[in-house]
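Coordinate-derived values only; no laboratory data. Everything numeric in this text was worked out from a predicted model, so none of it was measured. Don't worry about glycine lacking a Cβ; one is built from the backbone with ideal geometry, like all the others, and counts go over all protein chains shown.
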Amino acid sequence: DAGVIQSPRHEVTEMGQEVTLRCKPISGHDYLFWYRQTMMRGLELLIYFNNNVPIDDSGMPEDRFSAKMPNASFSTLKIQPSEPRDSAVYFCASSLLAGGAGTDTQYFGPGTRLTVL
Amino acid sequence: GNSVTQMEGPVTLSEEAFLTINCTYTATGYPSLFWYVQYPGEGLQLLLKATKADDKGSNKGFEATYRKETTSFHLEKGSVQVSDSAVYFCALSDYQGAQKLVFGQGTRLTINP
């Protein structure tokens, strides 16, 4: 399997612009997660989906952030308008809940490094 | 709420030294415990995990034992290599299947030849 695929790998934009990050989970996985990593705050869970349905978006920082999962093989995280404080590495991860007995391994993509000027 | 505390870094060791990275947790119920590793420029990878008390996870020479009585999951390796240089994250999950991982702040490890 190709693993979790994220695009773009690097994004540089100006404050106020819309940014869309993309993720393709591992085929067959039924959970998808979006994380943000910064030096100051470490690794934060933003939102996660189960079978394409958002389950918990309590980590989404504010209304400027939105995430969708239109089908099992694709998800987007959108920031509109972007601000310099959104600069971070954004990771997507996917997992398969095996046997319904607790959690299983999350597989992370390589991340998108976002810089907002 | 659930939380994970890791020893502060960065940690710098010489090759072949013994490694311990401390991790303690606070959780309700019976979480699963994980160590993830992040190499420069990459995403996180699962290093090892344990799903119940007294379980020992192991991989690539690393070990960690789930200690319920001390709420700890310390990472150890007997002889580190330069290639072990990375950031290590301790994490826990809700055993009830919430699928949410709570991560520690990460510990940066540098191994000098």
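Only Cα pairs within less than 10 Å get springs; with that Gaussian network setup on chain A, which residue of A:Leu97, A:Leu77, A:Leu45 has the largest fluctuation?
Ranking A:Leu97, A:Leu77, A:Leu45 by mean-square fluctuation puts A:Leu97 first.
Whole number please: convex hull volume per residue of the Cα set in chain B, in Å³? Don't jump to the answer; show the numbers that get you there.
Values: hull volume 10.5 nm³, N = 113.
Considering the Cα atoms of chain B, their hull volume per residue is 93 Å³.
So if I take the centroid of the Cα atoms in segment A:1-24 and the same for segment A:45-117, what is the distance between those two points in Å?
11 Å
Within the set B:Lys52/B:Lys77; B:Lys52/B:Lys100; A:Lys24/A:Lys78; A:Lys24/B:Lys60; B:Lys77/B:Lys100; A:Lys68/B:Lys49, which residue pairs have Cα atoms separated by over 19 Å? Don't skip to the answer; put the middle values down first.
Numbers: B:Lys52/B:Lys77 21 Å; B:Lys52/B:Lys100 17 Å; A:Lys24/A:Lys78 15 Å; A:Lys24/B:Lys60 28 Å; B:Lys77/B:Lys100 27 Å; A:Lys68/B:Lys49 30 Å.
Too far apart for the 19 Å limit: B:Lys52/B:Lys77; A:Lys24/B:Lys60; B:Lys77/B:Lys100; A:Lys68/B:Lys49.
For chain A, list log₁₀ I(q)/I(0) at each q in 0.16, 0.22 Å⁻¹, using the Debye formula over Cα point scatterers of equal strength and ignoring solvent, two decimals each.
-0.69, -1.27
Would you mind telling me which residue in A:Arg22, A:Arg85, A:Arg36 has the biggest mean-square fluctuation in a Gaussian network model of chain A, where springs connect alpha carbons within a distance under 10 angstrom?
Ranking A:Arg22, A:Arg85, A:Arg36 by mean-square fluctuation puts A:Arg85 first.
Would you mind estimating how fast the protein assembly as shown diffuses translationally, via Stokes-Einstein at 37 °C and 0.692 mPa s with the Kirkwood radius over Cα pairs, in µm²/s?
Translational D for this selection: 180 µm²/s.
Hey, for a label at A:Ile55 modelled as a point 7 Å past Cα toward Cβ, could you say which residues of segment A:71-94 have their backbone N under 20 Å away?
A:71-77, A:91-94
Could I have the simple spin-label model distance between A:Lys78 and A:Ala2, label points 7 Å from Cα toward Cβ, reported in nm to one decimal?
It is 2.3 nm.
Could you give me the ³J(HN,Hα) list for segment A:45-59, computed from phi with Karplus coefficients 6.51, -1.76, 1.60 and θ = phi - 60°, whole Hz, x at Gly and Pro?
7, 8, 7, 9, 10, 10, 6, 6, 9, x, 9, 8, 10, 5, x
Over chain A, calculate the relative contact order: mean separation of alpha carbon pairs under 8 Å at least 6 apart, over the residue count, as a percent.
Computed value for chain A: 36 percent relative contact order.
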